[in-house]
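Just so it is clear, none of the values below were taken in a lab; they were calculated from the coordinates. Note that the structure is a prediction, hence the values are computed from the model and not measured. Every residue, glycine among them, receives a Cβ derived from its backbone with ideal geometry; neighbour counts consider all protein chains shown.
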Amino acid sequence: MADRNTVHNAPVLVIGLGRFGASVAEQLVKQGREVLAIERSPELVQQWADTLTHVVASDATNIDSLRQLGAQEFSSAVVGVGTSIESSVLITVNLVDLGIEHIWAKAITPAHGKILSRIGANHVIYPEADAGVRTAHLVGGRMLDFIEFDDGFAIAKMYPPKETQGFTLAESHVREKYGVTVVGVKSPGEDFTYAQPDTIVTHRDILIVSGHVELLERFAGRP
């Protein structure tokens, strides 16, 4: 197993191959990471056996089973089990007891998430709630993508408001007027480029804009 210090490319333990866990595991493999997936359902094990690095049918609520699989050698683990709060908590406790340093755990409710945090999960994820919030920001129409961070700061991919079209970023004074920063601009058929004061925005461009959520919403709400 890789050195625990090389977290950026070390193997990852993924427990539970439901929609969330399987999505995480599949993306990790696409990024070149080695994955050991543990799943209780033989059907799901068979379904993912050819896609993931290693898939094992086992019960992760049993700490001895985890030890036999070498779970204690991993520095990072993802707990994708969410439908059974009891199983989620037991698995997370086991991972903490095995000394795994970085634990990402899926939570269904705030109460579930609070329990996971208190027992040692470093990162608690609310996939359904996060997807709902993201979708709400996209429903307006101008935003094409949206990522919000814990402190209310966000990055959005959006179409440019009319008042910015045909002007350089310096001329449209976006930061002064709206408190947001245009980070990048993508013209049709070209790659994204870092925005400069002399970058001219056209109606066909797509912008990457950063700032606080309320200010981004205000900017995106312009005609």
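A cut-off under 15 angstrom between Cβ atoms defines the neighbours of L138, and their net charge, with Lys, Arg +1 and Asp, Glu -1, is -1.
Axis of helix 127-138 versus longest Cα principal axis of the chain: the two differ by about 10°, to the nearest ten degrees. Determine the calculated [θ] at 222 nm for the chain from helices alone, applying -39500 (n - 2.57) to every DSSP H run no shorter than 4 residues and normalising by the residue count; nearest 500 deg cm²/dmol. Counting only the DSSP helices, I get -9500 deg cm²/dmol.
Rounded to the nearest 0.05, the FRET efficiency derived from the C-beta distance between E101 and V133 at R0 = 35 Å is 0.75.
Mean separation of Cα pairs under 8 Å and 6 or more residues apart, divided by the residue count, gives segment 12-125 a relative contact order of 23 percent. Over the Cα atoms of segment 1-151, the radius of gyration divided by the Kirkwood radius equals 0.98; this is the Rg/Rh ratio. Quick one: in segment 131-220, what % of C-alpha pairs are over 14 Å apart? That fraction is 61 percent. Under a straight-distance cross-link criterion of Cα-Cα below 24 Å, which lysines are reachable from K114, leaving out those fewer than 8 residues away in the same chain? Counting by Cα, and skipping residues close in sequence, K114 has these lysines nearby: K106. What relative contact order, as a whole-number percentage, does the chain give when Cα pairs under 8 Å and 6 or more residues apart are counted? Relative contact order of the chain: 13 percent. Please compute the net charge surrounding A107, taking Lys and Arg as +1 and Asp and Glu as -1 over other residues with Cβ under 11 Å from its Cβ. Spelling it out: positives minus negatives among the neighbours equals 0. Looking at the chain, the DSSP beta bridges with both ends there are about 50 percent antiparallel. W48 sits among other residues whose Cβ lies under 9 Å from its own Cβ, and their net charge, with Lys and Arg +1 and Asp and Glu -1, is -3. Scan around L144 for amide H atoms under 5 Å from its own, H built in the peptide plane at 1.01 Å from N, and keep only partners 5 or more places away or cross-chain. Residues meeting the amide H criterion: K157, M158, Y159.
With unit charges on the beta carbon (Lys/Arg positive, Asp/Glu negative), name the residue among P11, Q72, S210 whose Cα is farthest towards the positive pole of the charge dipole of the chain. Highest projection toward the positive end goes to S210. Helix 19-30 versus the longest principal axis of the chain: what is the Cα-based angle in degrees, 0 to 90, to the nearest 10? Approximately 80 degrees, to the nearest ten. Of all lysines in the structure, those lying under 18 Å Cα to Cα from K186, and not within fewer than 8 positions of it along the same chain, are K157, K162.
Computed over segment 131-220, relative contact order equals 33 percent, with contacts defined as Cα pairs under 8 Å that lie 6+ residues apart.
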